[in-house]
Amino acid sequence: MDAVTERESMIVCRDVHKWFGDFHVLRGISLTVEKGEVVVICGPSGSGKSTFIRTINRLEEHQRGEILVDGVELTNDLRNIETVRRDIGMVFQQFNLFPHLTVLQNVTLAPVWVLKMRRTEADGIAMQLLERVGIPEQAHKFPGQLSGGQQQRVVIARALAMSPKIMLFDEPTSALDPEMIKEVLDVMRELAHSGMTMIVVTHEMGFAREVADRIIFFDEGQLVEENTPEAFFHNPQHERTKLFLSQILTS
Amino acid sequence: MGALPPPTERIPVLRWLKQNLFSSGFNALLTLAAAALIGVVLYGLARWAITEARWEVIPANLKLLLVGTYPVDQVWRVWSILAMIGLLLGFSAGRRNGLIQRIAFVVAGAAVALAILPFPFGTRAWLLGYAEAVGVGFVAGRLIPAHRWIRRLEIGVWVLSFPITLIVLGGVGGPLPVVEGRNQWGFVLNLLGAAIGIGLSLPIGVLLALGRRSRLPAIRWVCTAYIELIRGVPLISLLFMASIMLQLLLPDSFRPDLVVRAMLTITAFSAAYMAENVRGGLQSIPKGQYEAAYAVGLNGFLTTLLVILPQALRAVIPAIVGQFIALFKDTTLFAYIAILEILSISRSVLGNLEWRGTIFELYVFIGVVFWVLCFAMSAVSRRIERSLGVGER
């Protein structure tokens, strides 16, 4: 890879390894994500896809290889980690909203305390974002009073409030009732069209086919296949990919 | 037609009695036996309270019990401190909802409840005036518009109320002459011990709990050792150590006042228990909360301060209030290290020939005073517990 493209790449991972005890969960992942690209990661459970995206904002520490986010290498240097985390928004399977704060406070917490934004300004931005994800009327409720789909949209607004350059989605719809999945995917689709760089771990193949620029298949801690949606669904190269697709598409 | 109200279920008294007290022959027998026993005890108690008890011992020694040897012409200082805190409490309650409002309500309620007891007229007037101070503060808090510097002023006065209390009670000369015999102030010492203990042991306990979970081994070991050491020793022996051993170990010039030592001891004791309560709360916070906080860019300190601690403390409010109640009652142990708090003063009252044999009257009175205040605290705690359901996952 030549120096020019590397500088423009949003995320560069080279030969990333990680172990949980004796279990070798990531076995040499190399991946480059360009600015504005939407990458969907799929694969059977336990294949390391969640662990992998969590290494990108250092919720998990990788033990070998290197990860660069917007040119900053992730090392044990706390300042680097904090800079990188500020630029990366993350959406969790289990939402992880702060239950003791209202929706609006959830969204404004980091802008006020990390970016030192004035509260009135932060409130304004937060309301715009809640408007964008379609739930401005819930601003003064607590997370526990919202449905799962609404909570997940608040999580997206909370992440966007830091004006991130990258958004990571760790199975954002897996904990949702079927009728709420669409409202979250709609927000994600809109976000993708706005030019956000996104990495999405999901089983929603319809979403992947429609929105992804690239689809990546993980199995047993390895990046098995990487392709455009068209090629991935119609002409999978590897046996394991074919098996996975046949299982997930027939069900 | 709109929604119907839920049906109200009313159980007739007789059916309730049959279901709960006379469901079988044996149960009926137990009910009658228990009723007879309760009746006998209550009758004896009532007969004693009405015909034999010499309740006049209470009003005659009330001043002594409550403020000990505090000079009569200076007692206004004690009341002004209480009034100041009442005003502050009311003011803060007026400015926000939730916890503080409940506390203010219960405190004012407790003052009114105490005013119903047969205190001398002056005391009852003060108590009602106290409830009124809370009310005045509340109205002021409601009416004065929100402003950043008013908020700062409010917090500042709260923080300053500690040193102000100590200065006003102890005296500095001039209009506030120094009051001698600080170890003989009766119930004032119980209240002061509880206030200082509560005010200091919670923050210290939080720090100890965080320290015990620290990633740095040195901090973790020191905090763990402190907590386990203190929790393994009865409070009374710590108090003896503070009163006698320090006297032997430290040079005269370097020895803090006995009352100060006692209060620091009870604070140190309570902090260790507080730390364990808080640690329980910290452990109840799911890992996802840390991850979410880190993911939005908060550092470790802000994560703890803004995300973890508020939830952890809310989760263990009942345990914390329980510790406050225990601490308040434990202040009576000061009696054993030559501090004349309310319990030891009651003993010296018994030493007076005129009041010989009034031990039950005195202890009932002290029991009622403690019960009213402790019940107020637990009422606050229970209300918080109930309201915790709102906005929770």
Self-check item: Accessible area in the full protein assembly, largest first, 1.4 Å probe, for B:V13, A:V201
Solution: B:V13, A:V201
Practice problem: Output the pairs from A:K18/B:K287; A:K35/A:K242; A:K182/B:K287 with a Cα-Cα distance over 22 Å in this structure; if there are none, say none. | Solution: A:K35/A:K242; A:K182/B:K287
Quiz item: Probe 1.4 Å, all protein chains in place: accessible area of B:Y43 in Å², nearest 10?
Solution: 140 Å²
Self-check item: Mean-position separation - Cα centroids, region B:85-150 and region A:63-96, in angstrom
Solution: 50 Å
Quiz item: chymotrypsin sites (Phe, Trp or Tyr not before Pro) within region B:101-160: which are DSSP loop residues with at most 13 other Cβ atoms inside 10 Å?
Solution: none
Exercise. Between beta-carbons, use under 13 Å as the cut-off and find the net charge around B:E341, counting Lys and Arg +1, Asp and Glu -1.
Key: +2
Quiz item: If you count, for every residue in A:84-95, the Cβ atoms of partner chains within 10 Å of its Cβ, what is the mean?
Solution: 3
Quiz item: Averaged across the residues of A:138-146, what count of C-beta atoms belonging to other chains lies within 10 Å of each residue's C-beta?
Solution: 2
Quiz item: If you average the sequence gap of Cα pairs under 8 Å that are 6 or more apart and divide by the length of region B:296-376, what percent do you get for the contact order?
Solution: 18 percent
Quiz item: To the nearest 500 deg cm²/dmol, what mean residue ellipticity at 222 nm is calculated for chain A from DSSP H runs of n ≥ 4 alone, each contributing -39,500 (n - 2.57), summed and divided by the residues?
Solution: -12000 deg cm²/dmol
Exercise. Quick one: what are the phi-derived ³J(HN,Hα) couplings along region B:23-37, Karplus 6.51/-1.76/1.60 with θ = phi - 60°, whole Hz, x for glycine and proline?
Key: 6, 8, x, 5, 5, 4, 4, 4, 4, 5, 5, 5, 4, 4, 4
Quiz item: Mind listing the Cα extents of the protein assembly as shown along all three principal axes, in Å, largest one first?
Solution: 105, 73, 53
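Under the definition of partner shielding as Cβ atoms of other protein chains within 10 Å of a residue Cβ, what is the mean value for peptide B:297-308? Display every interim value, and only then the final one.
Details: counts 19, 7, 7, 2, 0, 4, 1, 0, 1, 8, 6, 1.
Whole-number average of other-chain Cβ neighbours for B:297-308 is 5.
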Exercise. Could you rank B:R15, B:R261, A:R240 by how accessible they are, 1.4 Å probe, largest area first?
Key: B:R15, A:R240, B:R261
Self-check item: Of B:T51, B:W76, B:A108, farthest towards positive along the dipole that unit charges on Lys, Arg, Asp, Glu beta carbons give region B:47-176
Solution: B:A108
Practice problem: Enter the accessible area of B:H147 (Å², nearest 10), with the probe set to 1.4 Å and all protein chains included. | Solution: 110 Å²
Quiz item: Based solely on its DSSP helices, what 222 nm [θ] is calculated for chain B when runs of n ≥ 4 H residues each add -39,500 (n - 2.57) and the sum is averaged over all residues, nearest 500 deg cm²/dmol?
Solution: -23000 deg cm²/dmol
Quiz item: Taking a 1.4 Å probe, which of B:I337, B:I244 shows the most accessible area, and what order do the others take after it?
Solution: B:I244, B:I337
Quiz item: Given B:I11, B:S24, B:L88, which one lies farthest toward the positive end of the charge dipole of region B:1-147, if we put +1 on the Cβ of every Lys and Arg and -1 on the Cβ of every Asp and Glu?
Solution: B:I11
Self-check item: Whole-number percent relative contact order across region A:81-158, with pairs defined as alpha carbons under 8 Å at least 6 apart
Solution: 43 percent
Quiz item: Using a probe of 1.4 angstrom, how much of the accessible area of region B:20-95 is carbon and sulfur, in percent?
Solution: 76 percent
Quiz item: Given a 1.4 Å probe and the protein chains all in place, what does the accessible area of A:H234 round to, in Å² to the nearest 10?
Solution: 130 Å²
Practice problem: Considering Cα pairs under 8 angstrom that are at least six residues apart, work out the relative contact order of chain B and quote it in whole percent. | Solution: 20 percent
Quiz prompt | B versus A: buried accessible surface, summed, Å² (probe 1.4 Å, to nearest 100) | solution = 2100 Å²
Quiz item: How large is ³J(HN,Hα) for each residue in region A:21-38, as worked out from phi by the Karplus curve 6.51 cos²θ - 1.76 cosθ + 1.60 (θ = phi - 60°), to whole Hz, x for Gly and Pro?
Solution: x, 8, 7, 7, 8, 10, 10, x, 8, 10, 7, 10, 10, 7, 4, x, 7, 10
Quiz item: What are the residues whose amide H is under 5 Å from the amide H of A:K35, where those residues sit 5 or more places off or on another chain and H is modelled from the backbone?
Solution: A:M10
Quiz item: Taking +1 at the Cβ of each Lys and Arg and -1 at the Cβ of each Asp and Glu, which of A:F207, A:T55, A:H24 sits farthest along the dipole of chain A towards its positive end, judged by Cα position relative to the Cα centre?
Solution: A:T55
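The values are calculated or read from the model by the stated rules, or taken from the named source; none is laboratory data. Just so it is clear, the structure is predicted and the values come from calculations on it, not from any experiment. Ideal geometry is used to build each Cβ from the backbone, glycine not excepted, and the neighbour counts take in all protein chains shown. Heads up: the accessible areas ignore ligands, DNA and RNA and are worked out on the full protein's heavy atoms, side chains in. Shrake-Rupley method; radii C 1.70, N 1.55, O 1.52, S 1.80 Å.
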